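Asker: To start, I am sharing the structure in question, which I have written as structure tokens.
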Amino acid sequence: MRTVEEHLRAVLSQLTPLPSLQMALLESAGTVLAEPVTAPVSLPPFDNSAMDGYAVCASDLAVLPVTLPVVGDVAAGDGGVIGIRPGLAARIMTGAPMPGGADTVIPVEWTDGGAVSVTIRQGAAAGNYVRRAGEDVRAGDVVLPAGTRLGAPQLGMAAAVGRAHLMVRPRPRVVVLSTGDELRDPGTKLAYGQIWDSNSFMLTTAVNEAGGKGFRQAFVGDDASAVREVLDDLLARADVIITTGGVSMGVYDVVKEVLSGGGDVEFQKVAMRPGKPQGFGLLDGRCPIFTLPGNPVSAYVSFQVFVRPALRHLQGLPAEGLPVVTATCTEPLTSPDGIEQYLRATLTFADGVYSVRPASAQGSHQMGALADANGLIVLPREVTEAPAGSRVRVLKLPS
Ligand SMILES: Nc1nc2c(c(=O)[nH]1)N[C@H]1C(S)=C(S)[C@@H](COP(=O)(O)OP(=O)(O)OC[C@H]3O[C@@H](n4cnc5c(N)ncnc54)[C@H](O)[C@@H]3O)O[C@H]1N2
Ligand code: MOO
Ligand SMILES: [Mg+2]
């Protein structure tokens with residue numbers, strides 16, 4: 001049997017990051033920058049007001065109250081900015097360029113609000129409520145390094161420095177296909193022996209959580225030619241294919257049957273629980289395909305351990321798995337020798353320390369405990385027992 005590390009290494013060694021391409025700004029949400037973004041101008045580009053009020057000279061505020069004539073208004077967006085000198089004020093709005101000669105903004109609340117002349121009751125030092133050119137970003141600064149995942153603040157930053165398009169690595173298009181004659185769509189009636197397909201919904205969502213673009217290809221029965229046909233069809237529109245089911249020792253385990261023939265996909269036993277039967281390869285020599293075990297918990301754990309790092313690698317990011325914390329386990333644990341075990345668990349944080357309680361149900365068909373968990377305890381291969389109070393590694397599940 002392969003170890004988890006060996007299998008992950010074998011998977012990653014066959015993957016190359018997706019080519020970068022130019023995308024319109026909104027379209028690029030969730031992708032990874034393939035170029036550094038540099039500011040062509042400083043931000044703010046000009047000195048401007050942080051408040052609605054009056055632009056004045058601080059030297060006029062030595063004795064209060066003081067009344068000054070208002071020479072005009074400056075609104076945000078005004079290009080032909082007026083100037084003032086000591087003894088004068090200009091009414092100014094938030095974001096409007098500072099008039100030449102002014103060094104201070106007095107908010108309207110500190111004044112009588114006059115339009116022709118203004119009486120100021122409360123003063124301030126020079127620079128009050130003035131936002132200086134370049135105090136946010138300097139022209140030439142790298143505001144987003146290559147390798148940044150583009151979330152909302154990063155897209156805002158790119159727009160703020162004038163970018164309409166970005167060179168990015170796209171979110172991998174991942175198609176999820178369940179297999180099994182017993183499967184039916186949720187929302188339909190079941191005959192005895194049938195179950196609703198849950199893996200494809202779960203994994204399509206997990207793909208999106210991991211930064212890919214998930215597509216559900218429903219399910220296909222345990223029929224070799226039907227499986228072959230669907231997979232051939234998916235090749236045209238997937239960067240990655242995930243199947244579940246049909247990879248163990250059963251006589252109807254057709255995924256293995258279909259894919260082991262061509263030599264594209266290698267089937268392995270990995271020394272982990274759940275998730276022992278794994279397959280990975282390049283379909284048609286080019287499209288990465290993960291054949292995950294059909295048991296729902298096994299499929300989910302396999303996804304987090306192997307597929308998540310692979311999706312990151314395809315986007316040119318470090319091939320990391322879920323974030324890890326160390327926690328004190330509330331219960332004694334046992335684990336088979338030589339097997340890396342993943343236990344569904346509840347992680348809590350109190351008084352600066354993490355505690356973790358394993359679920360009582362750990363069968364790989366038991367979705368209830370998975371849906372209830374927010375962590376996976378990882379017991380390494382060499383650990384066979386961990387008494388209550390042991391410090392254990394816990395993967396934090398996406399929330
Ligand atoms: N003789 C052996 N039997 C099994 C072994 C073994 O080593 N020797 N390994 C067991 C382990 S471990 C796992 S995991 C499973 C893997 O099974 P398959 O990948 O072949 O999956 P199936 O047989 O198709 O289904 C297994 C189980 O999962 C349910 N399932 C499948 N797809 C879905 C879905 N989309 N949604 C919900 N549930 C699904 C299916 O009904 C079965 O109950 O093999 C063990 N057997
Ligand atoms: O390894 Mo299976 O993946 O335990 O249920
Ligand atoms: Mg099977």
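The values are calculated or read from the model by the stated rules, or taken from the named source; none is laboratory data. Being a predicted model, the structure only gives us computed values, none of them experimental. We place every Cβ from the backbone using ideal geometry, glycine too, and count neighbours over all the protein chains shown. Side chains included, ligands, DNA and RNA excluded: accessible areas come from the protein's heavy atoms. Shrake-Rupley method; radii C 1.70, N 1.55, O 1.52, S 1.80 Å.
Asker: Which loop-located GluC sites (Glu not before Pro) does region 250-343 contain, where loop means any DSSP state but H, G, I, E or B and the Cβ has at most 12 other Cβ atoms within 10 Å?
Answerer: Qualifying residues, ordered by number: E320.
Asker: For a quick check: with amide H placed at 1.01 Å from N, whose amide H comes under 5 Å from T243's, ignoring anything fewer than 5 positions away on the same chain?
Answerer: Residues meeting the criterion, in which the H sits 1.01 Å from N, are L177, F290, T291, L292.
Asker: Rounded to a whole number, what % of the accessible area of region 29-143 do carbon and sulfur atoms account for, probe 1.4 Å?
Answerer: Accessible surface attributable to carbon and sulfur in region 29-143 totals 54 percent.
Asker: Roughly how big is the chain's charge dipole about its Cα centre, with Cβ charges of +1 (Lys, Arg) and -1 (Asp, Glu), in debye to the nearest 20?
Answerer: 300
Asker: Connecting C-alpha atoms closer than 10 Å in a GNM of the chain, tell me which of E331, E109, E27 has the biggest fluctuation.
Answerer: The residue with the greatest mean-square fluctuation here is E109.
Asker: Let me spell out the model: positive unit charges on the Cβ of Lys and Arg, negative unit charges on the Cβ of Asp and Glu, origin at the Cα centre of region 247-289. What dipole size does that give, in debye rounded to 20?
Answerer: In debye, rounded to 20, region 247-289 gives about 260.
Asker: Under the 0.36 nm per residue contour assumption, what length would be gained going from the current alpha-carbon distance of N208 and Q22 to full extension?
Answerer: Roughly 64.8 nm would be gained on extension.
Asker: May I pose another question? Tell me the per residue accessible area of the chain using a 1.4 Å probe; a whole number in Å² is fine.
Answerer: Accessible surface, normalised per residue, equals 46 Å².
Asker: Could you name the lysines in cross-link range of K396, using Cα to Cα under 28 Å and dropping any fewer than eight places away on the same chain?
Answerer: Partners found: K213, K269, K276.
Asker: Still on this structure, please answer the following. Calculate for the chain the 222 nm mean residue ellipticity that helices alone would give, adding -39,500 (n - 2.57) per DSSP H run of length 4 or more and normalising by residue count, nearest 500 deg cm²/dmol.
Answerer: Result for the chain, helices only: -5000 deg cm²/dmol.
Asker: While we're here: Please return the longest stretch of the chain lacking exposed loop sites, where trypsin sites (Lys or Arg not before Pro) count only if DSSP places them in a loop and at most 13 other Cβ atoms lie within 10 Å.
Answerer: Longest run free of exposed loop sites: 1-120.
Asker: If I take R0 = 30 Å and measure r between the Cβ atoms of V41 and A152 in this structure, what FRET efficiency does the formula 1/(1 + (r/R0)^6) give, to the nearest 0.05?
Answerer: Once the sixth-power term is evaluated, E becomes 0.85.
Asker: Pick out which of V175, V356, V251 has the largest mean-square fluctuation in a Gaussian network model of the chain, springs linking Cα atoms closer than 10 Å.
Answerer: Per the Cα network of the chain with a 10 Å cutoff, V251 tops the list.
Asker: Using a 1.4 Å probe on the protein heavy atoms, what percent of the accessible area of region 324-396 belongs to carbon and sulfur?
Answerer: 51
Asker: Looking only at M167, M367, M51, which one moves most when the chain is put into a Gaussian network model with springs between Cα atoms under 10 Å?
Answerer: M51
Asker: Next question, about the same structure. Could you tell me the distance between the Cα centroids of region 348-376 and region 66-100, to the nearest Å?
Answerer: What the calculation gives is 61 Å, centre to centre.
Asker: In addition: What percentage of the solvent-accessible surface of region 172-291, computed with a 1.4 Å probe over protein heavy atoms, is contributed by carbon and sulfur atoms?
Answerer: Result for region 172-291: 51 percent of the exposed heavy-atom area is carbon or sulfur.
Asker: Still on this structure: Counting Lys and Arg as +1 and Asp and Glu as -1, each charge on the Cβ, what is the dipole of region 324-396 about the Cα centre in debye, to the nearest 20?
Answerer: 180
Asker: Round to the nearest 0.05 the FRET efficiency obtained for D181 and A75 when R0 = 45 Å and r is the Cβ-Cβ distance.
Answerer: For D181 and A75, the calculated efficiency is 0.05.
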